[in-house]
Amino acid sequence: MNERENGGQEQKKPLKIQDNTFRDGHQSLFATRMRTEDMLPLAEEMDRMGFWAMEVWGGATFDSMHRFLDEDPWERPRRLKELIKNTPLSMLLRGQNLVGYRNYPDDVVRAFVEKSCQVGIDVFRIFDALNDFRNFKTCVEVVKANGKHFQGAICYSLTERRMGGPVFNLQYYLDKARQLEDMGADTICIKDMAGLISPYDAYKLVKSLKEAVQVPIHLHTHSTSGMASMTYLKAVEAGVDIVDCCMAPFALRTSQPAVEPMVAALYGTQWDTGLDLEALLEISRKLEPVAQKYVEFMDTTRVATIDVGVLQHQIPGGMISNLVSQLRENNNLHRLEEVFADLPVTRRELGTPPLVTPTSQIVGVQSVLNVLFGRYRMVANQVKDLCFGLYGKTPTPIDPEVRKKALKGYKRGSEPYEGRPADILAPELEAAREALGDLAKTEEDVLIGALYPTTGKEFLEKKYGRKE
């Protein structure tokens, strides 16, 4: 019986929706290739929908924009902010990794987050691949100093079929949530990057989190496994405050559930979003031809719109595509199943990290090396950094024998470091400024070069007409 049928006895709790069309939607489906020029015509209409926030930046967008689209990454949030005046703009920030693939020193982090606040970002979803929140410290200081919204994210991971076991159990997530609340998080996000969270685990987790902490709970998942919409409904019943969706042309498959059916499903219930379905459908119609422009980047190798394999191997879609690419380059694609078999072993030996950027790449590359050349006969540089402690503390201890092999002859020494990684990273911003010289005209240019020394410099050369 819904709230309208029982005379208002049930307490209304409208579900809030964050729209991810302009960031995670095209990152998940179209290799992050959506251009700013295709966002601007619909920005004002999207602004009128009443979303809790719109995710428009961060993740892989900074990399893709300067590397493949020849767009200045800083211009997108600035231009969208001119048109989206009522809805907060959100970004995905990899903690001390920022929008790159390694931990940057504090001077780069401070400058980047400060500039992000200036160009229009209101909500900072901050996560760390190891869930080591010491890697949040500098980001959070700058976000808070600018009066912006700090959303602390916990990377959701499993070692069993369901939530539980000795590592990623309910207590693990509750402890992490309390840490984030103590850090001053305005909201807490469960970030399920591989679409692994099952409906009843979501219900249990959300219900327990609502009892453990006072701040609103936000759930992010992907439709990769086929469970996402069911998961959202159970999370709503458990009291989740916000969920991530995308407009239909940019939804489902490896992206998030679609906004429109979520709004329709909750209509007339105590969780009624209050969003105008007709207006949403009109925007979907306009987004359809936009999405079709990027179909060439879509995975059309399978008829199935979901990856049922992830229910078994739990490997995120982006990680699989990287593995396939590496093996194909070496003419060893036929050994993919061997890599799949090695992955859980290597992951456990490297401290059971959640499989998300950059740890998914770190574990994946090492598994490929293990299969092709023998276990740890070749050790990737990032694995050495992980074993030393440059990424932070892993959820479980790294295998001592693996660590010993990895740190043999390592540039920073054979004894692992246990402190906050950034505390031993030398400042880099001024060195980047000197390296770029008169090529960098603005502080934003300096940051592009600091984050991506090679491709960033190439972009700036093209930006200022020094290179075709």
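With respect to Val213, determine if the residue is closer than 24 Å to Ser28 by Cβ, among the hydrophobic types (A, V, I, L, M, F, W, C) and at pLDDT 95 or above. Explain how you work it out, then say what you get.
Numbers: closer than 24 Å to Ser28 by Cβ: no; among the hydrophobic types (A, V, I, L, M, F, W, C): yes; at pLDDT 95 or above: yes.
Considered against the rule, which asks whether it is closer than 24 Å to Ser28 by Cβ, among the hydrophobic types (A, V, I, L, M, F, W, C) and at pLDDT 95 or above, Val213 comes out as no.
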Answer yes or no: is there a residue in segment 151-160 that is modelled with pLDDT of 95 or more, part of a strand (DSSP E or B) and surrounded by fewer than 19 Cβ atoms within 10 Å (Cβ to Cβ). no
Checked against (1) more than 30 Å from Lys13 (Cβ to Cβ); (2) of a type in the set (Gly, Ala, Ser); (3) more than 23 Å from the chain's Cα centre (by Cα); (4) assigned to a helix (DSSP H, G or I), Ala279 satisfies every condition except (1)
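Conditions (1) more than 26 Å from Asp307 (Cβ to Cβ); (2) part of a helix (DSSP H, G or I), marked per residue:
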site	(1), (2)
Ile197	no, no
Tyr200	no, yes
Val206	no, yes
Lys210	yes, yes
Ser229	no, yes
Cys245	no, no
Thr254	no, no
Considering only segment 124-168, how many residues are under 14 Å from the mean Cα position of the chain (by Cα), within 23 Å of Ile84 (Cβ to Cβ) and among the β-branched types (Val, Ile, Thr)? 1
Which of the residues belonging to segment 441-468 are touching a Gly at 6+ places or on another chain (Cβ under 7 Å) and either of a type in the set (Asp, Glu) or more than 21 Å from Thr61 (Cβ to Cβ) (or both)? none
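Of all residues in segment 13-32, which are at pLDDT 95 or above and outside any helix (DSSP H, G or I)? If you could, list the steps in order and put the result at the bottom.
Narrowing segment 13-32 to residues at pLDDT 95 or above: 13-26.
Those that are at pLDDT 95 or above and outside any helix (DSSP H, G or I): Lys13, Pro14, Leu15, Lys16, Ile17, Gln18, Asp19, Asn20.
Got a sec? Which of Leu266, Leu323, Leu280 is buried (at least 19 other Cβ atoms within 10 Å of the Cβ), at pLDDT below 95 and closer than 28 Å to Thr231 by Cβ?
Values: Leu266 fails: at pLDDT below 95; Leu280 fails: at pLDDT below 95.
Of Leu266, Leu323, Leu280, the one residue that is buried (at least 19 other Cβ atoms within 10 Å of the Cβ), at pLDDT below 95 and closer than 28 Å to Thr231 by Cβ is Leu323.
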For segment 327-341, give me each residue that is within 28 Å of Ile197 (Cβ to Cβ) and surrounded by 11 or more Cβ atoms within 10 Å (Cβ to Cβ). Leu336, Val339, Phe340, Ala341
Residue among Asp299, Asp272 that alone is of a type in the set (D, E, K, R) and either over 25 Å from the mean Cα position of the chain (by Cα) or surrounded by 17 or more Cβ atoms within 10 Å (Cβ to Cβ) (or both): Asp272
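Identify all residues within segment 161-188 that are outside any helix (DSSP H, G or I) and either within 20 Å of Pro344 (Cα to Cα) or out of contact with any helix residue (DSSP H, G or I) (no Cβ under 7 Å at 6 or more places or on another chain) (or both); write none if there are none.
So the first thing to find is which residues in segment 161-188 are outside any helix (DSSP H, G or I), and the list is 161-169, 183-188.
Once the filter is applied, which keeps residues that are outside any helix (DSSP H, G or I) and either within 20 Å of Pro344 (Cα to Cα) or out of contact with any helix residue (DSSP H, G or I) (no Cβ under 7 Å at 6 or more places or on another chain) (or both), segment 161-188 yields Arg161, Arg162, Met163, Gly164, Gly165, Pro166, Val167, Phe168, Asn169, Ala185, Asp186, Thr187.
Residue by residue, here is whether (1) outside the structural domain of Glu418 (by TED's automatic domain parsing); (2) of a type in the set (Asp, Glu); (3) closer than 20 Å to Gly165 by Cα; (4) part of a loop (DSSP other than H, G, I, E, B) holds:
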position	(1), (2), (3), (4)
Ile320	no, no, no, no
Leu327	no, no, no, no
Asn331	no, no, no, yes
Thr346	no, no, yes, no
Thr352	no, no, yes, yes
Leu355	no, no, yes, yes
For the condition among the β-branched types (Val, Ile, Thr) and without any contact (Cβ under 8 Å) to a residue 60 or more places away in the chain, what is the one hit in Thr254, Thr224, Thr231? Thr231
Taking Glu260, is it outside any loop (DSSP other than H, G, I, E, B), assigned by TED's automatic domain parsing to the domain that holds Cys246, under 14 Å from Gly25 (Cβ atoms) and not hydroxyl-bearing (Ser, Thr, Tyr)? yes
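Each row is one residue, and each column tells you yes or no for (1) touching a Leu at 6+ places or on another chain (Cβ under 6 Å); (2) free of Cβ contacts under 8 Å to residues at least 60 places away in the same chain; (3) not in a loop (DSSP other than H, G, I, E, B).
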site	(1), (2), (3)
Val290	no, no, yes
Val303	no, yes, no
Ile306	no, no, no
Phe340	no, yes, yes
Leu343	no, yes, yes
Gln361	no, no, yes
Gly364	yes, yes, yes
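Filter segment 14-31 for residues that are touching a Phe, Trp or Tyr at 6+ places or on another chain (Cβ under 7 Å) and under 19 Å from Leu277 (Cα atoms); which is surrounded by the most Cβ atoms within 10 Å (Cβ to Cβ)?
Taking segment 14-31 first, the residues touching a Phe, Trp or Tyr at 6+ places or on another chain (Cβ under 7 Å) are 14-19, 21, 23, 25-26, 29-31.
Retained after the next criterion (residues that are under 19 Å from Leu277 (Cα atoms)): 14-19, 21.
Numbers: Pro14: 15, Leu15: 22, Lys16: 19, Ile17: 25, Gln18: 26, Asp19: 28, Thr21: 31.
Among those that are touching a Phe, Trp or Tyr at 6+ places or on another chain (Cβ under 7 Å) and under 19 Å from Leu277 (Cα atoms), it is Thr21.
The values are calculated or read from the model by the stated rules, or taken from the named source; none is laboratory data. Nothing here was measured: the structure is a model prediction, and the numbers come from that model. Reconstructed Cβ throughout: ideal geometry from the backbone, glycine too, with neighbour counts over all protein chains shown.
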